[in-house]
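Student: This is the structure I want to talk about, given as structure tokens.
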Amino acid sequence: MITFTKLADSDHAHFAQSLFEEAFPEEERPPFSSLRHRDAGKFHFLVAENGDDPIGLLTYWTFDDIVYIEHFAIAEELRNQGLGKAVFLNFLSQQTQQVVLEVETPINEEAEHRIEFYASMGLFSNPQSYLQPAYRKGGVEVPMIIMSKYELDDDEFSEIRALLYREVYGIDVK
């Protein structure tokens, strides 16, 4: 049975840190050490477990009207076995409001597969242009697609982009 454990309560913190740093390029993740300084009322880091075995991680933010999934990964040796879909659908089924996430643009086969993975669970690829701000000083912005549980019109997209920029990346956008 798949369960989620808060990182702070997990016996698998080393697994979570290793997976976090291996699964996401440096420009697509904050330093692991900085995560403990985030707003604990809004930011959540979960370790996905199958029984007693860690299988993945999911980080997300809760806001008034949306849940923003910042990072989701399954251990490389466990991929393509249906666990990712089971973990993601388990989490998604617990969310009653809009769910959004950033995904790489389809620049290669892996990125295309990732978009197809989320689309297979009912998420929409929104057509509006989006750049993920740099996580580090001197870092680069990364072109991304915002996928969501419900399609976003331009106004909703702009509001969500401004929220993410302000709350997650610390950038005030007008």
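Student: Quickly work out the T62-to-E76 label distance, labels modelled 7 Å from Cα along the C-beta direction, and quote it in nm with one decimal.
Tutor: According to this spin-label approximation, the distance is 3.4 nm.
Student: Starting with the fewest neighbours, write out E167, E151 ranked by other beta-carbon atoms found within 10 Å of each beta-carbon.
Tutor: E151, E167
Student: Still on this model: Restricting things to Cα coordinates, could you compute the convex hull volume per residue of the stretch 1-100 in Å³?
Tutor: Cα convex hull per residue, to the nearest whole number: 105 Å³.
Student: With each run of n ≥ 4 DSSP H residues scored as -39500 (n - 2.57), what mean residue ellipticity at 222 nm is computed for the chain after dividing by its residue count and rounding to the nearest 500 deg cm²/dmol?
Tutor: That calculation yields -8500 deg cm²/dmol at 222 nm.
Student: Set Lys and Arg Cβ to +1 and Asp and Glu Cβ to -1, take the dipole of the stretch 2-167 about its Cα centre, and tell me which of I146, Y60, A75 lies farthest positive.
Tutor: Y60
Student: Quick one: helix 154-167 against the long Cα principal axis of the chain, what's the angle to the nearest 10°, folded into 0 to 90?
Tutor: 60
Student: Given a Förster distance of 25 angstrom, what is the FRET efficiency for Q95 paired with D154, based on the Cβ-Cβ distance and rounded to 0.05?
Tutor: That gives a FRET efficiency of 0.60.
Student: Please give the contour-minus-distance gain from S33 to I171: 0.36 nm per residue of separation, less the Cα-Cα distance, rounded to one decimal in nm.
Tutor: 47.7 nm
Student: Which whole-Hz couplings ³J(HN,Hα) result when phi for each residue of the stretch 64-75 is put into the Karplus expression 6.51 cos²θ - 1.76 cosθ + 1.60, θ = phi - 60°, listed in order with x for Gly and Pro?
Tutor: Those phi angles translate into 3, 10, 9, 10, 10, 8, 8, 9, 8, 8, 10, 3 Hz.
Student: What is the Å³ per residue value for the convex hull set by the Cα atoms of the chain?
Tutor: Roughly 122 Å³ of hull volume per residue.
Student: Please state the charge dipole magnitude for the chain, taken about the Cα centre, from unit charges on C-beta atoms (+1 on K and R, -1 on D and E), reported in debye and rounded to the nearest 20.
Tutor: 400
Taken together, the values in this text are just the output of simple stated rules run on the coordinates, not laboratory data. Worth saying up front: this structure is predicted, and the values here are computed from it rather than measured. Ideal geometry is used to build each Cβ from the backbone, glycine not excepted, and the neighbour counts take in all protein chains shown.
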